[in-house]
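Heads up: the structure comes next, in structure tokens.
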Amino acid sequence: MSEKFQAVVIGGGPGGYVCAIRLAQLGLKTACIESRGSLGGTCLNVGCIPSKNLLNFSENYHKAQNFSKLGIEVGKVKLNLEKMMKNKDKAVTVLTQGVEFLFKKNKITYFKGAGSFKSKNKILILGDQKKETIIETEKTVISTGSVPISLPGIKFDEKIIVSSTGALTLKSVPKKMVVVGGGYIGLEMGSVWSRLGAEVHVIEFLDHITPGMDKEVSKEFMKILKKQGINFHMRTKVESIEKVVKGATVSTFDKDGKKVNFECDVVLISVGRKPNTNKLNLDAIGVKLDEKKRIKTDKSFQTNVSNIYAIGDVIEGPMLAHKAEDEGIAVAENIAGQSGHVNYDIIPSVVYTTPEVASVGKTEEQLKKANTKYKIGKFSFLANSRAKAIDEAEGFVKILADETTDRVLGAHIIGPHAGELIAEIGVAMEFGASSEDIARTCHAHPTFSEAVKEAALSVDKRAIHS
Ligand SMILES: Cc1cc2nc3c(=O)[nH]c(=O)nc-3n(C[C@H](O)[C@H](O)[C@H](O)COP(=O)(O)OP(=O)(O)OC[C@H]3O[C@@H](n4cnc5c(N)ncnc54)[C@H](O)[C@@H]3O)c2cc1C
């Protein structure tokens, strides 16, 4: 007899594990199936967490090299990459085991193995040593995430030609690293290896980095990264990548159609990710995909097969951990008969470089395209006392508000702790705040958040410190 569940979640990433916990909280007998051997998905194992760990410690290494300028004499600063990587692995282990603990606490059955559909109510789990288990379920949530895309005909070996996963585990600092793609993952990983000593070249097909980001911020971001020593080759197309004795040759055509070759030790291909639906046997049960091979769902995350739902990177929308988590909670509540909901207009996104870049809501380009009349409030960190006090005064806060109603439509921050500052604006937007509401809220002094208040004041041209 196969074990029966009220709900089964396939995939234990931020979408899946959060969904499983919420389902269990709501009283459903729940199981979660995960094939990688540890919970937390891409995010905890090979994404958000290890990358933020390396960003933090590479930044500390970089800062330590300049300590003497601040009057701190520490002798010669030396990198122990092996130790740095071990610390990163420890952070990953602690967090993934934390999720396992939460599963036990919430009495969720955790199956280690790859799940696939036998029928719409039966799931086959292929575990270690090809052990097969079949379970029965009333409802299933697919949360199988995404995997990195390579360029046509080029395979990752994760040593010389690497995806983000390989870039998180390099054994030594490359002398020269080529990053194909100027999106946030490439720039974060490029920053890590640049700070640790690599000469980094970013090759980007478009004329700007971080597509989708407010253009003014994206321009400022590239200027700052260039100043940090990262080289950019814009409107440049990669033709081929050949492995050579020690490294690789990346052949490109530049903006004038001239062939330019880059010799490097490591090439990181960071051109996007694709939904992971391969081994689910979806054809057998008739779950429909869209034109981008994502699972098609309606507003309640239901697929065309009524007892099967999907969330996270495997469906439409930004591939972000917090988006997956919120969808996980919403779908669990829907399954339990409640009204789960995600507000896609207010999903923040953050790039964890130094300085950080964060945004929420509409960009100027989007507002122009929609013919929305808007006002801009901008405030530079150069005039923020906290940022000046600690010599981290690059960047600015930009708030976009409706010209007539003053309602905040979007905000874009490049500067210290931008990823934390953006949350205030997200909350304000959820409550339908105007820029005046933010401007009239008392902010502690001296804090970076005063730059948010000043940007809000600046919407009506009444910033005090500029
Ligand atoms: C380098 C990097 C840095 C990132 N940094 C950030 C960041 O700072 N902030 C942010 O918000 N996002 C970040 N992301 C994106 C984030 O990791 C993803 O958006 C998020 O993990 C998606 O969650 P998910 O649950 O949809 O899928 P995933 O996290 O991909 O989890 C899906 C899980 O399903 C499992 N699985 C797949 N098929 C099966 C099967 N058939 N049976 C059982 N299990 C299966 C997989 O093994 C995987 O563990 C980053 C990604 C990368 C690669």
### Task
Output the number of residues of segment 1-50 satisfying the condition of being in a helix (DSSP H, G or I), within 11 Å of the ligand (Cβ to nearest atom) and open to solvent by 10 Å² or more (accessible area, probe 1.4 Å).
10
### Query
So how many residues does segment 302-325 have that are closer than 27 Å to Ser359 by Cβ, in contact (Cβ under 8 Å) with a residue 40 or more places away in the chain and in a loop (DSSP other than H, G, I, E, B)?
3
### Query
Of (1) more than 16 Å from the ligand (Cβ to nearest atom); (2) in a strand (DSSP E or B), Ile125 satisfies all except one. Which?
(1)
### Qualifying residue in segment 296-311 (condition: open to solvent by less than 60 Å² (accessible area, probe 1.4 Å), within 30 Å of Gly115 (Cα to Cα), small (Gly, Ala, Ser) and within 16 Å of the ligand (Cβ to nearest atom))
yes
### Task
Report those helices (runs of 4 or more DSSP H) wholly inside segment 151-236 carrying at least 2 residues which are open to solvent by 40 Å² or more (accessible area, probe 1.4 Å) and closer than 21 Å to Lys274 by Cα.
184-195
### Task
Give me the pairs, please: first residue somewhere in segment 19-45 and charged (D, E, K, R), second residue anywhere and open to solvent by 20 Å² or more (accessible area, probe 1.4 Å) and away from the ligand (no atom under 14 Å from the Cβ), beta-carbon distance under 6 Å, and either six or more positions apart or on two chains.
Lys29/Gln6
### Message
Within segment 349-406, considering only strands (runs of 3 or more DSSP E) that don't extend past its boundaries, which have at least 1 residues that are touching a Ser or Thr at 6+ places or on another chain (Cβ under 6 Å) and loosely packed, with under 15 Cβ neighbours inside 10 Å?
### Response
none
### Message
Give all pairs with beta carbons closer than 8 Å in which a residue from segment 208-237 that is more than 17 Å from Pro355 (Cβ to Cβ) meets a residue that is assigned to a loop (DSSP other than H, G, I, E, B) and at pLDDT below 95; count only pairs at least 6 apart in sequence or on separate chains.
### Response
Met234/Lys255; Arg235/Lys255; Thr236/Lys255
### Task
Filter segment 312-331 for residues that are crowded, with 22+ Cβ neighbours inside 10 Å and within 19 Å of Lys292 (Cα to Cα) and give the result.
Gly312, Asp313, Val314, Ile315, Lys323, Ala324
### Summary
Residue pairs qualifying under the 7 Å Cβ cut-off, at least six apart or on distinct chains, with the first in segment 58-79 being open to solvent by less than 90 Å² (accessible area, probe 1.4 Å) and the second being modelled with pLDDT under 90, are Ala64/Val74; Phe67/Val74
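The values are calculated or read from the model by the stated rules, or taken from the named source; none is laboratory data. The structure displayed is predicted, hence computed values, not measured ones. Using ideal geometry, Cβ is built from the backbone for each residue, glycine included, and neighbour counts are taken over all protein chains shown. Areas reflect the complete protein model, heavy atoms only, side chains present, ligands, DNA and RNA absent. Shrake-Rupley method; radii C 1.70, N 1.55, O 1.52, S 1.80 Å.
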